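Please treat every number below as a calculation from the coordinates, not as lab data. Keep in mind that what you see is a predicted model, and the values were worked out from it rather than measured. Neighbour counts run over all protein chains shown; Cβ positions are idealised from the backbone, glycine included.
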Amino acid sequence: MYVRKRRRPVSEINVVPYIDVMLVLLIIFMVTAPLISQGVKVDLPKASAQPIEQQDIPPIIASVDVKGDYYLNLGDNQEQAVDGDDMAALVQAQLEKAPETPVVVKGDGAVAYSEVIQLMVLLQKAGVPSVGLMTDPVEK
């Protein structure tokens with residue numbers, strides 16, 4: 001007479017579907033990441049400075065180009081120049097929503113120092129407590 005052995009149930013998680021989903025998400029993020037970065041073309045000055053610690057809140061980036069036009073990474077059309085009053089109002093509204101939002105100034109390397117100072121004065125009037133300056137790292 002033949003005695004049949006009972007098999008114990010397998011209690012392992014099948015991870016193959018999770019790996020498939022992860023790879024699909026990775027491909028989606030790799031394709032969309034270059035499309036997300038928007039902004040104005042600015043040649044930043046080179047400096048050997050320590051990078052700012054990354055925070056959970058994305059920073060507000062106020063830019064000034066060679067012609068002295070101001071740009072802001074807030075709003076619908078980020079590649080359109082804004083005047084000082086509109087920039088101050090937009091920054092002030094964003095800081096009322098999230099007061100811990102960091103603010104960074106991105107000035108072209110060929111811009112006069114006075115233009116960058118004017119931008120910083122506008123941000124100060126909008127209620128920004130402190131401003132960081134964005135630079136490119138020095139190539140060795």
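Taking one quarter of the surface of the convex hull spanned by the alpha-carbon atoms of the range 46-137 gives a direction-averaged projected area of 6.0 nm². Could you give the distance between the Cα centres of the range 106-140 and the range 71-93, to the whole Å? Going from one Cα centre to the other spans 15 Å. Each peptide in 16-29, 120-133 gets a packing score, the mean of other Cβ atoms within 10 Å over its residues, and the list from highest to lowest is 120-133, 16-29.
Beta bridges assigned by DSSP with both partners in the range 46-137 are antiparallel in approximately 30 percent of cases.
Relative contact order of the range 52-113: 45 percent, from C-alpha pairs under 8 Å at least 6 residues apart in sequence.
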